[in-house]
Amino acid sequence: MPQPTPAFTDQTHLKSLSYKTQDKLNLRILTHKKYTQPRVDFTRWVMDAIPWQGNEVVLDVGCGSGNYVDLGQAYGRAYFAGDLSPGMLRGVAHPGLIRVNLDAQRLPFAADSADVILANHMIYHIPDQEA
């Protein structure tokens with residue numbers, strides 16, 4: 001008998017309930033900012049770990065509410081914010097930002113078309129992580 005799909009990897013559940021809007025994700029982000037010790041600007045820490053040249057094409061897979069967009073656009077040449085949930089993408093609006101509704105398991109980009117790929121805080125949503 002097949003096992004039920006966990007809610008955190010079920011794409012229908014993710015798009016229609018968990019990430020229908022940015023509200024639940026933003027609450028989790030706020031909770032981490034408020035209570036995580038020591039206080040660290042995690043987004044800046046991640047982005048500062050990348051050896052930027054200033055001309056990178058950035059693909060943010062699972063961009064959520066767009067926490068990495070401001071720095072990514074400042075550091076790179078082109079920034080693609082991608083998410084499975086149209087509800088998440090609706091809330092990510094920045095000048096010059098390219099939003100892409102995508103499935104992380106089947107990225108709609110040619111090989112080697114991005115210089116930096118971000119997939120922060122979302123890998124656990126991919127049903128077949130080995131693939």
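Among the residues of segment 73-86, those that are open to solvent by 30 Å² or more (accessible area, probe 1.4 Å) and either of a type outside the set (Phe, Trp, Tyr) or within 26 Å of residue 9 (Cβ to Cβ) (or both) comprise 73, 74, 77, 80, 84, 86. Looking at segment 87-127, which of its residues are touching a residue at least 24 places away in the same chain (Cβ under 8 Å), open to solvent by 40 Å² or more (accessible area, probe 1.4 Å), more than 19 Å from residue 29 (Cα to Cα) and assigned to a loop (DSSP other than H, G, I, E, B)? Selection gives 94, 105, 107, 109, 113, 115, 127. Within the option set 15, 33, being touching a Leu at 6+ places or on another chain (Cβ under 8 Å) and open to solvent by 40 Å² or more (accessible area, probe 1.4 Å) holds for one residue only, 15. Residue count for segment 75-86, restricted to those that are closer than 22 Å to residue 29 by Cα and free of Cβ contacts under 8 Å to residues at least 40 places away in the same chain: 4.
Let's see how each residue does on (1) under 25 Å from residue 103 (Cα atoms); (2) within 17 Å of the chain's Cα centre (by Cα):
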site: 5; (1), (2): yes, no
site: 12; (1), (2): yes, no
site: 25; (1), (2): yes, yes
site: 35; (1), (2): no, no
site: 40; (1), (2): no, no
site: 47; (1), (2): yes, yes
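Evaluating residue 63 against the criteria (1) more than 17 Å from residue 115 (Cα to Cα); (2) part of a loop (DSSP other than H, G, I, E, B); (3) in contact with a helix residue (DSSP H, G or I) (Cβ under 9 Å, 6 or more places away or on another chain) leaves one unmet condition, (1). Pairs linking a residue in segment 16-44 that is modelled with pLDDT of 85 or more and outside any helix (DSSP H, G or I) to a residue that is acidic (Asp, Glu) and open to solvent by 90 Å² or more (accessible area, probe 1.4 Å), with Cβ atoms under 9 Å and 6 or more positions apart or on different chains, do not occur.
For segment 51-67, the candidate set comprises residues that are open to solvent by 10 Å² or more (accessible area, probe 1.4 Å) and over 23 Å from residue 16 (Cα atoms); within that set, the residue that is nearest to the chain's Cα centre (by Cα) is 57.
Which members of segment 45-60 meet the condition of being assigned to a loop (DSSP other than H, G, I, E, B) and either out of contact with any Lys or Arg (no Cβ under 8 Å at 6 or more places or on another chain) or not polar (S, T, N, Q) (or both)? Within segment 45-60, 49, 50, 51, 52, 53, 54, 56 qualify.
Considering (1) of a type in the set (D, E, K, R); (2) in a loop (DSSP other than H, G, I, E, B); (3) surrounded by 11 or more Cβ atoms within 10 Å (Cβ to Cβ), the lone condition that residue 130 does not fulfil carries the number (3).
The values are calculated or read from the model by the stated rules, or taken from the named source; none is laboratory data. Quick caveat, the model's predicted, so the values are computed rather than measured. Cβ coordinates were reconstructed from backbone atoms using ideal geometry, including for glycine residues, and neighbour counts include every protein chain displayed. Heavy atoms of the whole protein, side chains included, go into the accessibility calculation; ligands, DNA and RNA do not. Shrake-Rupley method; radii C 1.70, N 1.55, O 1.52, S 1.80 Å.
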